[in-house]
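The values are calculated or read from the model by the stated rules, or taken from the named source; none is laboratory data. This is a predicted model, so every value here is computed, not measured. All Cβ positions, glycine included, derive from the backbone under ideal geometry; neighbour counts span all protein chains shown. What goes into the accessible areas is simple: the full protein's heavy atoms, side chains included, and nothing from ligands, DNA or RNA. Shrake-Rupley method; radii C 1.70, N 1.55, O 1.52, S 1.80 Å.
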Amino acid sequence: RQAGTVLLERLQGLRGGGGGEGQRRREKMRATAAPLHLAILSLGGASVGYVLYGLYRWLKQRTSSVEPLEFVPWESLKNEDSSVLVVDCTHPDLLCLTHHKMASLPPRSLREDTSSGMVLNAIAQNHSVVKSVHKISVNHFDIDAFISVWSALNPKASLEHIRTLKAAAHIGDFRELDLGLPEADLGLKICCWLNTVEAIKFSRPFEPGDSDKWPYFLGEGRFLQMVTDPEAFRQEWEDEYVRVLSDVQCLEDQGRIRRYPDIDLCVIESPQPLHYYALFSATRGCDIVLTRFCSKQSRLYLCDGLND
């Protein structure tokens, strides 16, 4: 464009020249300008074509949907299998997407408090983290780990319920219930359902037997049914759900909450022990939580910013 402008200015400058000499100079300049003009057009066309091709590739990558991944039990994991994404835990050799502390941070656009949030962000962004792998694995079973895996196995459905799934993962992993959020109620029901079914049918959390839980919770579209029609599963989540809401009300009506921001401490006094979802609903932003009950019993919770 600059060369064309300069050339045009020079040609216009020659118009004022008179006589045969001026005419010869104008003809000579036009003869020189013709191939240069073609060269400029060719170069511009090639540049535009290159840009358009790059834009096409970018749009194709952004608009193509993420393919469902395959779940691989941790016990079957091979260290050299680069097609595996590890979530909600760390692995020295494989690609990881987790909120747990690692030497390398996840991509900035994917970062969230929970691993599920990161996986859902990657799916929503068609990020290479989930498009460059074919399998997914994790070394334990809990709510955040499960939602991370389920979302990667069901990318389309997970995006339709992304806010609810993020809320459930946050409640399940950090216990920080916020009933002011519209998605928190269903998120709480999901957590209560997972907790209850796990306790009834399988081993308790952090005990051996996690490998038995994955086929059940991932199978037969069971979890999606719970997300889309929670009333059909009311019998399994209602008891814990009612207790949580009751304890939240107890904390609001009879509890005493004191914060000490200089040491990130929250002290809660209540007439009775509280369900942890209700307890931590009042402690967002605190690393240390001390609870005292009328029975003179006390409990101290320490949080490292990632896991309590």
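At-a-glance table
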read-out	value
Residue check for V267: closer than 23 Å to D113 by Cβ and either under 31 Å from the mean Cα position of the chain (by Cα) or touching a residue at least 12 places away in the same chain (Cβ under 8 Å) (or both)	no
Of all residues in the stretch 186-206 being open to solvent by 50 Å² or more (accessible area, probe 1.4 Å) and under 17 Å from D144 (Cα atoms), the one that is modelled with the lowest pLDDT	F206
When residues of the stretch 211-245 are limited to those that are among the hydroxyl-bearing types (S, T, Y) and within 24 Å of E75 (Cα to Cα), the one modelled with the highest pLDDT	Y216
